[in-house]
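Peer 1: Please read through the structure below; I'll follow up with questions.
Bear in mind that the values in this text are calculations on the coordinates, not laboratory data. In this text, all values refer to a predicted model and were calculated from it rather than measured experimentally. Note that we place each Cβ from the backbone using ideal geometry, even for glycine, and neighbour counts take in every protein chain shown.
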Amino acid sequence: TSLSEFKKQFKPSAVTGKNKFSGIEVIKCADMLGRAIRKIDMRTETALVKFNTAKGRLEPLIIGMAEKLGYQIEVLDKDTIRREEERGNSVSHMISLK
């Protein structure tokens, strides 16, 4: 018998009209996004960052705001997160220029 292997990846949903966010949440996301943008290394055009997404609830808002500003945000896989934690870095996402 053979055992098939697949890797399930989490894809956050896009911001829709159904999502409701408070003004404080929008400001919090804008602040996190601003700090992440400043960390981008212009040589690689990327940065590994940690977002506090409130258990994923704010993730569509952060990703949507970043896309409107010309950035792309990707959720890091568990291996990358673990490798960076071993180096003493707490990360959850990669932000890059489009």
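Peer 1: Using a 7 Å offset from Cα along Cα-Cβ at Lys20, what residues in the stretch 60-83 end up with backbone N under 20 Å from the label point?
Peer 2: 60-62
Peer 1: Looking at the stretch 23-90, which trypsin sites (Lys or Arg not before Pro) are DSSP coil and have at most 15 other C-beta atoms within 10 Å of their C-beta?
Peer 2: Lys39, Arg43, Lys55, Arg57, Arg87
Peer 1: In addition: Take the Cα atoms of the stretch 44-97, build their convex hull, and give its volume per residue in Å³.
Peer 2: Per-residue hull volume (Cα only) is 73 Å³.
Peer 1: Related question: Longer than 23 Å from Cα to Cα, which of Lys28/Lys68; Lys18/Lys50; Lys39/Lys68; Lys28/Lys55 are they? Say none if no pair is.
Peer 2: Beyond 23 Å: Lys18/Lys50.
Peer 1: Then there's this: Using R₀ = 25 Å, calculate the FRET efficiency as 1/(1 + (r/R₀)^6) where r is the Cβ-Cβ separation of Lys68 and Lys39; round to 0.05.
Peer 2: 0.85
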